[in-house]
Amino acid sequence: MTTDTHTRMSDEQLEKFGEEMDAIRQRVIADLGEADATYIRGIVKKQRQLEVAGRALMYLPPAWPLAVASLSVSKILDNMEIGHNVMHGQYDWMGDPGLNSRMYEWDNVCPSSQWKYSHNYIHHTFTNVLGKDRDIGYGILRMDEDQKWHPYYLGNPVYAFLLMVFFEWGVAMHDLEVENLVAGKRSISENKALHAGIMKKVKTQALKDYLLFPALTGPLFPLTLAGNATANLVRNVWAFNIIFCGHFPAGVATFSEEECEDESRGHWYYRQLLGSANISGSKLLHLMSGNLSHQIEHHLFPDIPARRYPEIAEEVREICERYGIAYNTGPLHRQLGSVAKKICKMALPTRRSKATDPGTVVDHKLAA
Amino acid sequence: MTPLAQRVLSSKLLGALTAPHGVDRYLEQINPMWAATEVRARVVEVVRETSGEHPVATVRLQPTTTWRGHRAGQYVQVGVEVPGARRTTRCFSISSAESGPGEEFTITVRAHAEGLVSKFLVHDAEPGLTVHLSQAEGAFTLSESPATPTNNRLLYVTGGSGITPAMSHLRTLLRDGYDGRANRKVTFVHYARSPEDQIFAEELQRIAWADNDVSVHLRYGDDVFTEAALRRLVPDFRQTDTWACGPAPMMDLVREAYGDSPRLRTEFFKLSTRPAGTETAEGEVTFAREGSTAANTGESLLEQAEARGLTPEFGCRMGICFSCVSRKTEGTVRNVLTGEESSLPDEEVRICVSAPVGDCVVDL
Ligand code: FES
């Protein structure tokens, strides 16, 4: 767990640190090529095969669990290692329309265009800046003690559970900023166009998973429907857990708007680093999480192909050690436990004073 | 693929079942030659036409059944994955006679020193290679002018690689039974640098010798286009339906010769002229959609666009969110974060972190 070691970086140190990060970026970008293209095409092929296998196995009732497993893995790959990363522009350099950030649409009820705005722009630019990064609690949860407590938050664990189950829907609704509507900070008319986009996407997704494919299996309709719904649920639960481990385990820092005003490039990197957490584990875990198990590297270099994060991680760790910056990582069960604890703790008003609380580190204004 | 299979593949139902990716994203995993809407082709043969400094080759392509065919004089966009896995797309004139849906056709390509795609096609393409295609495009087609509805004489004036679309016309006419008896004399004038640089030399020779009322005139070296020479060949050239295609200097002379005659149809061949990379702000930046050109200030394209009152979309302004991606159609840009320069035409760039180096055209 971090203490406030990070407040000790001077401006010069920050600048040097930023340069080291830029150097990593440059090196990897210059090296992109055939191997990266082959890799992502291989993953797309796997994903398509698993999807077709999953749909086909629905015709064999005894193989139902296998069908669901296959379809679930396919949806997870589609959303994470392919969708999330392609929509970050990681493969735009290939010039392949099928892997282009502007054209890719994922198997999820949230339309890609809206997700790119709230995720690529808002979340990745204002990472962990309270009041700006709407991924802190998704407008539903209290995930930081600097969010003012309200009796509503007593339901924090319940909301978190519901968000997990209905994650793709939560992500789609995210952009409507319902909490700002309720608070009167946003007008309904601002949501009109967004709403139309979401409805269109919801219809395509629902038609396919809840009507057409089940109907094609004839008398097995209910079973196929249940199978498809389960696959969507499995994807939701998995994605929610991976994503919550990326920013909410103990020791992750949040920032105030003032301290990020006119921030230097070095400070930007530094904020991304302190605001993210990794999950350690096997190659399979990294693949199934779309390499978001390397959330730190992803936030430092969001447009570098995710398969490069493991190799980058070693360098980033070494740099962190040299500068005395905490590098938040741990196995899945530990990060999950830590997130769960925080969700429960934030349901209650914060009693202790900030300075002695090891749960969340709030970055202090850097000595300028 | 049979027409029935094609109908099934492009059906609404299959579209809904494969949403959001679409049928082609599944078919390509099995066989690159299966497609519901996209067009791809397999290279069947590569024939060397000329050698020398800028060799020319004719590439025969077997397209997918989605190819809708082409009319003589049209071009097609060809995308290839050059080593490094970056797909690059360029336009090439179709050199073969008109094709029907799904039928083979050829493109004839000259390897330019800076032409990534043309060099790849001429030197490295081998039978079996898959390329990406657009449908045929372009209006340089065999149509008569409204003023003279039928049985006209036809005149072709071409230079260098500009012969390619005209060759498609000529081949189409001859294939479809053109024999001169309809009293539609065809005059074909071509300017090449040297006899060694002459594309389709043998075929043109054969056509010239055959009894078909096509007269072929080949000119080399210093024997360049002049109005007087054309007048000697075709005294009433301004009243003759003419198709002209060639390098810019020649085309200027041709246009001058025809004045405002509506009988002239032209196709323009653009050779990329890019200045070598320099760090200083030089040249002019053009925002094509808005139609404004001004001196390059050296700032990012986003800033230069805003300074001119444009409001391109943006988000982070630091190169991470991709909200600002726009198409750079010409010129070189430098990524201000990495210093990397790129000069591919028709390339998508993040305008918030791209500064123009020299002349630059952006689709904004
Ligand atoms: S504005 Fe975000 S990448 Fe350009």
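The values are calculated or read from the model by the stated rules, or taken from the named source; none is laboratory data. The model shown is predicted, which means the values in this text are computed figures rather than measured ones. Counting neighbours? That spans all protein chains shown, and the Cβs are built from the backbone with ideal geometry, glycine included. Note: areas computed on protein heavy atoms with side chains; ligands, DNA, RNA excluded. Shrake-Rupley method; radii C 1.70, N 1.55, O 1.52, S 1.80 Å.
Which one is nearest to the other protein chains (Cβ to nearest Cβ), of the residues in the range B:308-340 that are under 17 Å from B:Thr293 (Cα atoms) and assigned to a loop (DSSP other than H, G, I, E, B)?
Restricting to residues being under 17 Å from B:Thr293 (Cα atoms) and assigned to a loop (DSSP other than H, G, I, E, B), the top hit is B:Pro312.
Any idea which of (1) more than 9 Å from chain B (Cβ to nearest Cβ); (2) under 23 Å from B:Leu27 (Cα atoms); (3) outside any helix (DSSP H, G or I); (4) within 18 Å of the chain's Cα centre (by Cα) is the one A:Ser101 doesn't satisfy?
(1)
It is to be established whether one or more residues within the range A:56-67 are open to solvent by less than 10 Å² (accessible area, probe 1.4 Å) and within 11 Å of chain B (Cβ to nearest Cβ).
no
Just one of A:Ala326, A:Ala306, A:Ala340 is among the hydrophobic types (A, V, I, L, M, F, W, C), touching a His at 6+ places or on another chain (Cβ under 9 Å) and modelled with pLDDT of 95 or more; which is it?
Exactly one of A:Ala326, A:Ala306, A:Ala340 is among the hydrophobic types (A, V, I, L, M, F, W, C), touching a His at 6+ places or on another chain (Cβ under 9 Å) and modelled with pLDDT of 95 or more, namely A:Ala306.
I'd like the residue in the range A:10-29 that is open to solvent by 10 Å² or more (accessible area, probe 1.4 Å) and of a type in the set (A, V, I, L, M) and, out of all such residues, is nearest to the chain's Cα centre (by Cα).
For the range A:10-29, the residue satisfying everything is A:Ile29.
Return yes when A:Leu32 is closer than 25 Å to B:Thr89 by Cα, surrounded by fewer than 20 Cβ atoms within 10 Å (Cβ to Cβ) and among the hydrophobic types (A, V, I, L, M, F, W, C) and no when it is not.
Against the criterion (closer than 25 Å to B:Thr89 by Cα, surrounded by fewer than 20 Cβ atoms within 10 Å (Cβ to Cβ) and among the hydrophobic types (A, V, I, L, M, F, W, C)), A:Leu32 qualifies.
Kindly provide the set of residues from the range A:254-312 that are hydrophobic (A, V, I, L, M, F, W, C), away from every other protein chain (no Cβ under 14 Å) and touching a residue at least 40 places away in the same chain (Cβ under 8 Å), ordered by number.
Of everything in the range A:254-312, those that are hydrophobic (A, V, I, L, M, F, W, C), away from every other protein chain (no Cβ under 14 Å) and touching a residue at least 40 places away in the same chain (Cβ under 8 Å) turn out to be A:Phe255, A:Leu273, A:Leu274, A:Ala277, A:Ile279, A:Leu285, A:Leu287, A:Met288, A:Leu292, A:Ala306, A:Ile312.
Only one of (1) under 29 Å from B:Thr141 (Cα atoms); (2) over 20 Å from the mean Cα position of the chain (by Cα) is not met by B:Pro20, so which one is it?
Only one criterion is unmet by B:Pro20, namely (1).
Can you find a residue that is away from the ligand (no atom under 16 Å from the Cβ), assigned to a helix (DSSP H, G or I) and within 14 Å of another protein chain (Cβ to nearest Cβ) anywhere in the range A:153-161?
no
Listed here are the residues, each with its yes/no results for (1) within 17 Å of A:Leu194 (Cα to Cα); (2) more than 16 Å from the ligand (Cβ to nearest atom); (3) under 15 Å from the mean Cα position of the chain (by Cα).
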{"site": "A:Pro111", "(1), (2), (3)": "yes, yes, no"}
{"site": "A:Ser118", "(1), (2), (3)": "yes, no, yes"}
{"site": "A:Ile122", "(1), (2), (3)": "yes, no, yes"}
{"site": "A:Asn128", "(1), (2), (3)": "no, yes, yes"}
{"site": "A:Lys132", "(1), (2), (3)": "no, no, no"}
{"site": "A:Gly137", "(1), (2), (3)": "no, yes, yes"}
{"site": "A:Leu141", "(1), (2), (3)": "no, yes, no"}
{"site": "A:Glu145", "(1), (2), (3)": "no, yes, no"}
{"site": "A:Lys148", "(1), (2), (3)": "no, yes, no"}
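Is there a residue in the range A:189-199 that is within 21 Å of A:Ala239 (Cβ to Cβ), within 16 Å of the chain's Cα centre (by Cα) and away from the ligand (no atom under 16 Å from the Cβ)?
No; the residues of the range A:189-199 include none that is within 21 Å of A:Ala239 (Cβ to Cβ), within 16 Å of the chain's Cα centre (by Cα) and away from the ligand (no atom under 16 Å from the Cβ).
Which residue pairs have Cβ atoms closer than 6 Å, lie 6 or more positions apart in sequence or on different chains, and pair a first residue in the range A:121-146 that is free of Cβ contacts under 8 Å to residues at least 40 places away in the same chain and on the phi > 0 side of the Ramachandran plot with a second residue that is more than 16 Å from the ligand (Cβ to nearest atom) and assigned to a helix (DSSP H, G or I)?
A:Tyr138/A:His174
Any residue in the range B:67-81 that's assigned to a loop (DSSP other than H, G, I, E, B): show its pairings with residues that are charged (D, E, K, R) at Cβ separation under 8 Å, as long as the two are six or more apart or on different chains.
B:Trp67/B:Glu103; B:Gly69/B:Glu98; B:Gly69/B:Glu103; B:Arg71/B:Glu98; B:Ala72/B:Glu98; B:Ala72/B:Arg171; B:Gly73/B:Glu267; B:Gln74/B:Glu137
Can you tell me which condition A:Gly83 does not meet? The list is (1) part of a helix (DSSP H, G or I); (2) of a type outside the set (Ser, Thr, Tyr); (3) more than 14 Å from chain B (Cβ to nearest Cβ), and all the others hold.
For A:Gly83, the failing item is (3).
Can you tell me which residue is nearest to the other protein chains (Cβ to nearest Cβ) among those in the range A:166-188 that are assigned to a loop (DSSP other than H, G, I, E, B) and under 21 Å from the mean Cα position of the chain (by Cα)?
That would be A:Asp175.
If you scan the range B:122-144, which residues turn out to be closer than 16 Å to B:Gly52 by Cα and among the hydrophobic types (A, V, I, L, M, F, W, C)?
Within the range B:122-144, B:Val122 is the sole residue that qualifies.
Looking at the range B:345-364, which of the residues that are within 14 Å of chain A (Cβ to nearest Cβ) and in a strand (DSSP E or B) is farthest from the ligand (Cβ to nearest atom)?
From the range B:345-364, those within 14 Å of chain A (Cβ to nearest Cβ) are B:345-354, B:363; that's our starting set.
If we keep only those that are in a strand (DSSP E or B) too, we end up with B:347-350, B:354.
Values: B:Glu347: 15, B:Glu348: 11, B:Val349: 9, B:Arg350: 4, B:Ser354: 9 Å.
Within the range B:345-364, the match that is farthest from the ligand (Cβ to nearest atom) is B:Glu347.
Would you point out which residue out of B:Ala36, B:Ala57 is farther than 27 Å from A:Ala35 by Cβ, touching a helix residue (DSSP H, G or I) at 6+ places or on another chain (Cβ under 8 Å), open to solvent by less than 20 Å² (accessible area, probe 1.4 Å) and within 14 Å of chain A (Cβ to nearest Cβ)?
B:Ala36
Could you please find all residues in the range B:311-333 being away from the ligand (no atom under 11 Å from the Cβ) and either touching a Ser or Thr at 6+ places or on another chain (Cβ under 6 Å) or within 17 Å of B:Pro356 (Cα to Cα) (or both)?
B:Arg327, B:Lys328, B:Thr329, B:Glu330, B:Gly331, B:Thr332, B:Val333
Restricting attention to the range A:254-269, report how many residues are in a loop (DSSP other than H, G, I, E, B) and over 22 Å from A:Asn328 (Cα atoms). Outline the logic, then answer.
First, pick out the residues of the range A:254-269 that are in a loop (DSSP other than H, G, I, E, B): A:256-257, A:261-264.
Checking the rest, the ones that are also over 22 Å from A:Asn328 (Cα atoms) come to A:257, A:261-264.
Adding up the residues that qualify gives 5.
Could you check the range B:286-307 and list, in sequence order, the residues that are in contact with a strand residue (DSSP E or B) (Cβ under 7 Å, 6 or more places away or on another chain), part of a loop (DSSP other than H, G, I, E, B) and either open to solvent by 40 Å² or more (accessible area, probe 1.4 Å) or among the charged types (D, E, K, R) (or both)?
Answer for the range B:286-307, where residues must be in contact with a strand residue (DSSP E or B) (Cβ under 7 Å, 6 or more places away or on another chain), part of a loop (DSSP other than H, G, I, E, B) and either open to solvent by 40 Å² or more (accessible area, probe 1.4 Å) or among the charged types (D, E, K, R) (or both): B:Ala288, B:Glu299.
Report yes if some residue within the range A:84-102 is of a type in the set (A, V, I, L, M, F, W, C), open to solvent by 10 Å² or more (accessible area, probe 1.4 Å) and free of Cβ contacts under 8 Å to residues at least 24 places away in the same chain; otherwise report no.
no
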